[in-house]
Amino acid sequence: MAGTSSGIVAGLTAVAIGVVGYLAYQAQATVPPSLSGRPGPNAASASATGKTPRDPLRPGALPSGSGTGERVVYSVDDDRVWLVDDHNQVQRSFPVNPGTVDPPVGRYWVTSRSNVVTGTDGLPIEHVVRFTSVDGVVIGFSAALRGEADAGDGVKTGGIRERREDGDAMWKFATIGVPVVVIR
């Protein structure tokens, strides 16, 4: 009898995992254009080759021209993130370690989140906040649960790694639909 029960439980678990995977695929495939993670018409003011102006006296200050309102600002040149509230006040700023694939300059939106998953580098990561993809590589913020990221030769990664305390702040701030502005 115990063998039959465990077989039923295993079968139901497999079906549940399959259904969740299918629903996740359907949700991703039906994301509205406004949340698709593609640069929109209100992209950051920096050109694809130009750098958003900085305050030379305060290198950690929010760059001018990074937009207005609530948003996450990510500088691919400075490897830094700013969490900005709807009154244009920086709530937190911190350095990050980028993956091997950078997102293009532009305005995106948080399209999906995962509490705990395995990163492309094989490390368990938490508080994953995704906002776009480049050539099939998903781009998002995350924090490694242990160890340092080491993708190895030839592995393309889009994970922008944060310290765990910064990942906690990002997780609380960057819910689905929050803008992510990528600047140089």
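The values are calculated or read from the model by the stated rules, or taken from the named source; none is laboratory data. The model shown is predicted, which means the values in this text are computed figures rather than measured ones. Ligands, DNA and RNA are stripped out before the accessible areas are found, and what is left, the full protein with its side chains, is counted by its heavy atoms. Shrake-Rupley method; radii C 1.70, N 1.55, O 1.52, S 1.80 Å.
Once backbone amide H atoms are built at 1.01 Å from N, His127 has Val116 as its partners under 5 Å, excluding neighbours fewer than 5 places away on the same chain. Once the 1.4 Å probe is applied to the protein heavy atoms, segment 54-184 comes out at 47 Å² accessible per residue.
For Ile160, the amide hydrogen comes within under 5 Å of the amide hydrogens of Gly99, Gly140, Phe141, Ser142, counting only partners 5 or more places away or on other chains and with H modelled in the peptide plane.
In plain terms, the chain from Ser114 to Thr68 could stretch by 13.9 nm, reckoned as 0.36 nm per residue minus the Cα-Cα distance.
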